[in-house]
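I have placed the structure first, in the form of C-alpha cells, so that the comments after it can refer back to it.
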Amino acid sequence: MNKDDFHRIQVAAADKEAAAFEFDHAALNLEEAVAAALRHGEDAMLIAEAADLPGSEVLQLKGGLESEPEL
C-alpha cells in the first residue's frame with residue numbers, strides 16, 4: 001500500500017473515532033437533560049416528543065430515577 005493511501009485510511013479512522021466520541025457525548029447530554037426534566041416533574045411523553053425519543057425509553061429513564069437513592 002502506498003503512503004498516501006495509508007495516511008488517508010488513518011485519517012478516516014481517526015475521523016470515525018472522533019465522530020463516535022461526539023455521538024456518545026451528545027447522547028449522554030440528552031440523557032442528562034431528560035433525567036433533569038423528569039426530576040423537575042415534567043410529563044414523560046412531552047419530554048419524549050421534545051427529545052425525539054420513544055416514550056418507552058423516557059419511561060425507562062424515569063424508572064431508573066425512581067430506584068436511585070436520593071443524595
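For this structure, a couple of remarks:
- The chain - percent of accessible surface contributed by carbon and sulfur, probe 1.4 Å: 56
- Rolling a 1.4 Å probe over the protein heavy atoms gives the chain an accessible area of 84 Å² per residue.
- Relative contact order, percent, the chain [alpha-carbon distance under 8 Å, six or more residues apart]: 22
- Three semi-axes of the equivalent ellipsoid, the chain, Cα gyration tensor, whole Å, largest first: 39, 13, 9
- Computed over neighbours whose Cβ is under 12 Å from that of Ala48, the net charge equals -4, Lys and Arg +1, Asp and Glu -1.
- Residue of Ala14, Ala27, Ala37 that the Gaussian network model of the chain assigns the largest fluctuation, springs spanning Cα pairs under 10 Å: Ala14
The values are calculated or read from the model by the stated rules, or taken from the named source; none is laboratory data. Not measured: the values here are computed from a predicted model. Cβ atoms come from the backbone with ideal geometry, glycine included; neighbour counts cover every protein chain shown. Heavy atoms of the whole protein, side chains included, go into the accessibility calculation; ligands, DNA and RNA do not. Shrake-Rupley method; radii C 1.70, N 1.55, O 1.52, S 1.80 Å.
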